[in-house]
Amino acid sequence: MSREALFGAAGALAERIGAAATVAVRAEAGLGTVVATLAGLLAGVPVVPVPPDSGPTERAHILADSGATLLIAPGPWTDGGLPGIAVDLGARSARTYPEPAPDTTALILYTSGTTGAPKGVLISHAAIAACLDGLADAWAWTPDDVLVHGLPLFHAHGLVLGVLGALRIGSRVVHTGRPTPAAYAAAGGSLYFGVPTVWSRIAQDPDAARALAGARLLVSGSAPLPVPVFEGIAELTGHRPIERYGMTETLMTISTRADGERRPGFVGLPIAGVRTRLVGEDGSPCPYDGETVGELQIQSPTLFHGYLNRPDATAATFTPDGWFRTGDVAVIAADGWHRIVGRAGTDLIKTGGYRVGAGEVEGALLAHPAVREAAVIGVPHTDLGQEIVAFVVLGGEVTERQLIDHVAGDLSVHKRPRRVIFVPDLPRNAMGKIQKKLLAG
Ligand code: MCA
Ligand code: AMP
């Protein structure tokens, strides 16, 4: 779709949704999602992308919590009682819209916490602009680039970087539907985005990897890129991949640069406008010696402006002096290079680049009548980074496959446990708290 056609179709849709308080979009990986998101941005109506495979529990929460008053979806998806409309890709409007106020909400992105249902992260127009301008600088991203990716359009990576990035910079974007090695190889782009699982699969497919030799920049993010994958990609493609670090709440904050060194295992330096610091458990600053681990904290124009309806959770993520607590554990070398070491706590799982809260999966399992107790952990996995494993104490009859399908159907497919292990009881400490570290062993 040309830029002119895209803005024409989005402008026409903006006229139809302008009265909505908040608009939910069933975010298939397709042009309809691009047009719907752009329409919301033009009209100044916050957009909530909803995973297209989300089951009744996850979807009901997102639709109710977000306060969406309209649903844009290509087909019937009527639960929630919202009026729905479809995108007309052929519609055109020449009406122009004033720039929305920078501090107003552009997107509400739902993301998992350690417990409970996902939280709506409020992201302003200004935060998106700051993030994309910072990335354009770090990656020398220009209108001459052809961006290629096949990531989902309901998270920051695929939607903010992978769609709005191309629109802000003016580069073309090719979405491959699924992020398969063959599709990336066939796309002929200059700039490629992937999560580490995608790069790992490309490194396992030498023909596909070699087809990327003509690209300008290969970028990995959303989870740690294993050093062997970095090296495999470098050897097969001739490109040392860029690694960048971010979160839904902060957008992108740290990256290696197109014109700079790429060091395996490191995410590089703060992007323009971003400040970082490393803080020890006692709250004191950590030395930048490449060894001392501390919590990474951020101040940045790319920061979110809170969790929707959750002032308690918002307050808990900021220090008294106004720094955002990432919950990620890092080291900073003497030359300022950042390395992400892991996460504090075991209840946030990163699987295939998706962030999944153990508590949400446990809740879905416990809602099954045959489950008496459940504990969910992330186990190291070469393809997915971590895989979701559930330990279940039964109170009735059910199979592993039925429980996996139950979570896939009630939440969404990527939140399903890949394995369920039935146990007679769960290890608990004297306080009765489940000792997940013992399960991981
Ligand atoms: C399997 N399937 C099922 C079931 N099991 N369907 C229903 N019920 C089941 N029990 C089907 C799925 O529908 C799918 O079908 C196929 O099996 C494979 O499922 P999936 O688990 O998705 O595949 P995978 O191969 O394990 O996926 C790997 C992946 C994926 C493609 C790398 O994990 C992915 O797209 N990750 C990207 C995550 C991401 O974008 N994160 C960014 C978050 P079918 O194939 O037909 O659809 S934002 C972020 O992290 C920050 C901001 C940052 O820093 O970027
Ligand atoms: P999400 O909000 O889904 O975007 O997940 C954000 C989390 O992904 C961060 O808090 C990190 O734990 C992880 N993450 C993102 N990028 C990287 C990276 N390059 N290296 C290590 N972890 C990363």
task: Hey, could you check region 372-417 for residues that are among the charged types (D, E, K, R) and not in a strand (DSSP E or B) and say which is surrounded by the most Cβ atoms within 10 Å (Cβ to Cβ)?
output: Lys415
message: Any residue at all in region 319-334 that's open to solvent by 20 Å² or more (accessible area, probe 1.4 Å), assigned to a strand (DSSP E or B), within 16 Å of ligand 1 (Cβ to nearest atom) and of a type in the set (D, E, K, R)?
response: no
Filter result for the condition that a residue is more than 16 Å from ligand 1 (Cβ to nearest atom) and at pLDDT 95 or above, over Gly246, Gly238: Gly238
- request: Please tell me if Asp282 is open to solvent by 40 Å² or more (accessible area, probe 1.4 Å), in contact (Cβ under 8 Å) with a residue 24 or more places away in the chain and among the charged types (D, E, K, R).
  value: no
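When only residues in region 124-146 that are charged (D, E, K, R) and outside any helix (DSSP H, G or I) count, which is most open to solvent (accessible area, probe 1.4 Å)?
As a first pass, look at region 124-146 and keep what is charged (D, E, K, R): 133, 137, 144-145.
Add one more test, that the residue is outside any helix (DSSP H, G or I), and what stays is 144-145.
On the way: Asp144: 138, Asp145: 7 Å².
Of everything passing the filter in region 124-146, Asp144 is most open to solvent (accessible area, probe 1.4 Å).
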Tabulated pairs, region 215-229, first under 18 Å from Val331 (Cα atoms), second open to solvent by less than 10 Å² (accessible area, probe 1.4 Å) and away from ligand 1 (no atom under 11 Å from the Cβ), C-beta under 7 angstrom, 6+ apart or interchain: Leu225/Pro241
field: Contacts under 8 angstrom Cβ, first residue in region 98-116 being of a type in the set (A, V, I, L, M), partner away from ligand 2 (no atom under 16 Å from the Cβ) and assigned to a loop (DSSP other than H, G, I, E, B), 6 or more apart
entry: Ala101/Gly44; Ala106/Pro46; Ala106/Pro100; Leu107/Pro46; Ile108/Thr22; Ile108/Pro46
field: Yes/no for Tyr184 being touching a residue at least 24 places away in the same chain (Cβ under 8 Å), on the phi < 0 side of the Ramachandran plot, among the hydroxyl-bearing types (Ser, Thr, Tyr) and more than 16 Å from ligand 2 (Cβ to nearest atom)
entry: yes
message: Residues that are at pLDDT 95 or above, in a strand (DSSP E or B), within 16 Å of ligand 1 (Cβ to nearest atom) and of a type in the set (A, V, I, L, M): does region 53-63 have at least one?
response: no
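Quick grid of which residues meet (1) open to solvent by 30 Å² or more (accessible area, probe 1.4 Å); (2) more than 18 Å from the chain's Cα centre (by Cα); (3) within 16 Å of ligand 2 (Cβ to nearest atom):
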site: Tyr97; (1), (2), (3): yes, yes, no
site: Thr104; (1), (2), (3): yes, yes, no
site: Ala117; (1), (2), (3): yes, no, yes
site: Leu122; (1), (2), (3): no, no, yes
site: Val148; (1), (2), (3): no, no, no
site: Leu161; (1), (2), (3): no, no, yes
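The values are calculated or read from the model by the stated rules, or taken from the named source; none is laboratory data. The shown structure was predicted, so the numbers you read here are calculated from the model rather than taken from an experiment. Virtual Cβ from ideal backbone geometry, glycine too; neighbours counted across all protein chains shown. Protein only, heavy atoms only, side chains kept; ligands, DNA and RNA dropped before computing areas. Shrake-Rupley method; radii C 1.70, N 1.55, O 1.52, S 1.80 Å.
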